[in-house]
Amino acid sequence: MDLSPLQRARYEYQPKLPAILREAIDQVVPVKGEVTQSSTHQEQIKALFPNTYGLNKISFEKGNNEDIKKKINVGVILSGGQAPGGHNVISGLFDALKKANPESKLYGFKGGPSGIIEDNTMEITADYLASFRNTGGFDIIGSGRTKLETIEQFELAKNTCQKHDISAVVIIGGDDSNTNAAVLAEYFLQQKANIQVIGCPKTIDGDLKNDAIEISFGFDTATKTYSELIGNIERDANSAKKYWHFIKVMGRSASHIALECALETQPNVCLISEEIEENKTSLSGVVDYISTIIANRGNKGLNFGVIIIPEGLVEFIPEVKALIDELNDLLAKKAEDYSKFTKTEDQINFILNNVSLESKEVFSILPSSIQMQLLMDRDPHGNVQVSRIETDKLLIEMVSKKLEVMKKEGSYTGKFSAQNHFFGYEGRCAFPSNFDADYCYSLGFNAFMLIASGLSGYLSSVKNLSAPASQWVAGGIPITMMMNMEQRHGEQKPVIKKALVELDGKPFNYFKAHRDQWAIDTCFTFPGAIQYYGPESVCDLTTRTLALEQEK
């Protein structure tokens with residue numbers, strides 16, 4: 001197989017580890033820290049997880065650990081959407097497993113969680129793993145979105161593990177996947193199945209974080225990839241001086257990606273969904289905000305700029321969220337009546353006649369293309385697929401109309417021409433940055449150390465990440481510590497709470513302090529491509545978000 005020069009070079013890269021994990025593997029022992037509890041709903045979550053609730057935080061220190069040398073088999077699952085660095089989690093896990101005992105085996109469950117249910121299993125060998133080290137993607141064993149949540153699934157998973165003499169499973173995934181890991185760990189303990197479960201924090205969206213999980217893997221690489229593209233567009237905009245670029249980036253439930261990309265590239269506008277929800281900003285308010293900035297620049301002869309929009313924006317605009325909730329409810333209850341209409345005009349009239357006055361007003365001002373997206377694109381549960389709503393095009397059309405009004409009123413003398421972009425899949429499988437290559441390798445290596453410590457229901461944790469890798473702190477936290485109760489499909493369920501952008505946090509406050517200048521002046525910065533070779537200050541640079549959060 002032909003390989004690119006970078007591909008060959010990345011295979012040979014040796015990821016860095018925290019100092020404690022560089023010790024001889026039998027000279028590292030676990031240390032119990034403080035007892036934990038969930039941040040909310042303590043009694044409910046404790047009742048659901050009697051075996052894994054209230055466990056201690058774990059760290060590691062030097063000490064004799066002969067037990068680590070015993071032969072064991074471990075299984076690994078990649079769950080959910082891809083994120084750069086997943087292959088290195090598996091590489092770190094494999095290397096630690098083999099260092100402890102070369103006869104131990106690592107099995108991959110193919111196609112995501114369904115692999116453990118269906119016994120779609122393969123042994124991961126050194127030769128097979130070699131061509132995946134330090135690369136992007138999840139193609140080493142594939143991924144999937146099957147949820148592990150029923151007794152029948154748990155029993156099938158147990159049978160698969162027992163068939164291959166697997167005594168521990170590592171689940172690499174986001175908040176939902178690691179919630180499933182906690183439930184599976186609890187079940188195995190209840191059944192005395194002697195199968196441990198350890199999670200690893202993955203999601204490019206950056207919304208799986210807390211004091212112990214400072215960043216989810218893949219966020220660094222994805223935001224650097226998007227920021228390079230945004231910087232390229234900024235350079236083009238400043239060269240051509242004739243287009244406004246509306247750029248939608250991933251992040252349905254939180255705006256971490258949008259904020260990080262703004263900190264990296266200093267666009268004229270970046271919308272933060274959490275702020276819009278907090279301020280109860282209306283759709284027209286968002287349009288007015290963007291239009292005013294465009295007009296102010298246009299009146300100075302600057303008819304170009306860049307606007308960053310988080311993917312999930314519309315769900316944070318109060319009246320649009322209310323409209324979506326009404327549509328979901330209406331089209332679920334009156335699906336048969338609605339299905340009788342085949343013409344677009346009749347479908348729209350049906351909606352207008354069956355929603356509240358407030359929602360009717362919102363629906364009426366939306367472009368027809370967005371109206372149809374709200375009506376036609378439903379998920380398997382019958383709900384609006386918000387990620388498919390072309391928010392960038394919606395804002396372009398509404399801003400264009402607003403600027404026409406402003407021009408007639410004499411408050412705008414410029415010209416407006418727009419381009420739209422969506423950066424999503426471009427960032428999910430990029431070659432991981434040195435940071436993500438090192439971090440992910442450390443997470444996988446650390447996951448084995450948690451297994452060797454006899455732990456289950458824990459999430460692999462590596463902290464102090466804005467420092468050099470030698471100063472990183474390895475350990476683990478109980479997954480139940482991150483949980484709360486939320487309404488899912490009509491009932492209360494335990495889930496890992498998503499971390500939203502903190503409006504009183506240092507990253508947002510830095511952005512807030514500078515955005516007015518970025519709005520009027522052309523302050524673009526150009527991050528360029530991810531660097532793999534050169535000074536650590538460039539190649540191992542962490543995100544602006546993490547640097548600001550841990551600023552001394």
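The values are calculated or read from the model by the stated rules, or taken from the named source; none is laboratory data. What you see is a predicted model; the values in this text were computed from it and never measured. We place every Cβ from the backbone using ideal geometry, glycine too, and count neighbours over all the protein chains shown.
Filtering segment 272-287 to residues that are surrounded by fewer than 22 Cβ atoms within 10 Å (Cβ to Cβ) and assigned to a loop (DSSP other than H, G, I, E, B) leaves ASN279, LYS280, THR281, SER282.
From the list ASN73, ASN51, the one residue that fits, being surrounded by fewer than 21 Cβ atoms within 10 Å (Cβ to Cβ) and touching a strand residue (DSSP E or B) at 6+ places or on another chain (Cβ under 7 Å), is ASN73. For segment 418-465, the set of residues classified as modelled with pLDDT of 95 or more, in a loop (DSSP other than H, G, I, E, B), of a type outside the set (A, V, I, L, M) and touching a Lys or Arg at 6+ places or on another chain (Cβ under 9 Å) consists of PHE431, PRO432, SER433, listed by residue number. Summed over segment 175-208, residues that are surrounded by fewer than 24 Cβ atoms within 10 Å (Cβ to Cβ), within 14 Å of the chain's Cα centre (by Cα) and in a loop (DSSP other than H, G, I, E, B) total 1. Residue count for segment 266-281 under the criterion of being without any contact (Cβ under 8 Å) to a residue 40 or more places away in the chain, hydroxyl-bearing (Ser, Thr, Tyr) and in contact with a helix residue (DSSP H, G or I) (Cβ under 6 Å, 6 or more places away or on another chain): the result is 0.
In the condition set (1) modelled with pLDDT under 95; (2) on the phi > 0 side of the Ramachandran plot, LEU374 is compliant with all but (2).
When segment 140-163 is limited to residues that are basic (Lys, Arg) and in a loop (DSSP other than H, G, I, E, B), the one that is surrounded by the most Cβ atoms within 10 Å (Cβ to Cβ) turns out to be LYS147. The residues of segment 82-125 that are hydroxyl-bearing (Ser, Thr, Tyr) and crowded, with 24+ Cβ neighbours inside 10 Å amount to a single one, SER91. Restricted to segment 289-381, the set of helices (runs of 4 or more DSSP H) holding at least 3 residues that are polar (S, T, N, Q), in the same structural domain as ILE233 (by TED's automatic domain parsing) and within 29 Å of the chain's Cα centre (by Cα) comprises 368-376.
Under the condition of being within 14 Å of LEU546 (Cβ to Cβ) and in contact with a strand residue (DSSP E or B) (Cβ under 8 Å, 6 or more places away or on another chain), the residues counted in segment 216-250 number 3. Among the residues of segment 249-271, those that are in contact with a Ser or Thr (Cβ under 6 Å, 6 or more places away or on another chain) and either surrounded by fewer than 24 Cβ atoms within 10 Å (Cβ to Cβ) or of a type in the set (Lys, Arg) (or both) comprise ARG252, GLU264, GLN266. Might you check whether a residue that is more than 19 Å from the chain's Cα centre (by Cα), outside the structural domain of SER291 (by TED's automatic domain parsing), outside any helix (DSSP H, G or I) and crowded, with 18+ Cβ neighbours inside 10 Å occurs anywhere in segment 478-487? Within segment 478-487, one or more residues are more than 19 Å from the chain's Cα centre (by Cα), outside the structural domain of SER291 (by TED's automatic domain parsing), outside any helix (DSSP H, G or I) and crowded, with 18+ Cβ neighbours inside 10 Å. Only one entry in LYS512, LYS498 is among the charged types (D, E, K, R) and assigned to a loop (DSSP other than H, G, I, E, B), namely LYS498. When ILE451, ILE389, ILE396 are checked against the criterion of being outside the structural domain of GLN196 (by TED's automatic domain parsing) and either surrounded by fewer than 19 Cβ atoms within 10 Å (Cβ to Cβ) or over 18 Å from GLY305 (Cβ atoms) (or both), ILE389 stands alone in meeting it.
Could you list, in sequence order, all residues of segment 2-21 that are surrounded by 11 or more Cβ atoms within 10 Å (Cβ to Cβ), at pLDDT below 95 and not in a helix (DSSP H, G or I)? Answer for segment 2-21, where residues must be surrounded by 11 or more Cβ atoms within 10 Å (Cβ to Cβ), at pLDDT below 95 and not in a helix (DSSP H, G or I): just LEU3. Please work out if TYR532 is in contact (Cβ under 8 Å) with a residue 60 or more places away in the chain, surrounded by 14 or more Cβ atoms within 10 Å (Cβ to Cβ), not assigned by TED's automatic domain parsing to the domain that holds VAL76 and not aliphatic (A, V, I, L, M). It is true that TYR532 is in contact (Cβ under 8 Å) with a residue 60 or more places away in the chain, surrounded by 14 or more Cβ atoms within 10 Å (Cβ to Cβ), not assigned by TED's automatic domain parsing to the domain that holds VAL76 and not aliphatic (A, V, I, L, M). Filtering ASN56, ASN64, ASN51, ASN73 for residues that are within 16 Å of GLY108 (Cβ to Cβ) and among the polar types (S, T, N, Q) leaves a single hit, ASN73.
Scanning segment 513-546 for residues that are at pLDDT 95 or above and of a type in the set (Gly, Ala, Ser) gives ALA513, ALA519, GLY528, ALA529. Do we have ILE45 as β-branched (Val, Ile, Thr), more than 19 Å from PHE138 (Cβ to Cβ), in the same structural domain as GLY444 (by TED's automatic domain parsing) and touching a Gly at 6+ places or on another chain (Cβ under 7 Å) here? No, not satisfied.
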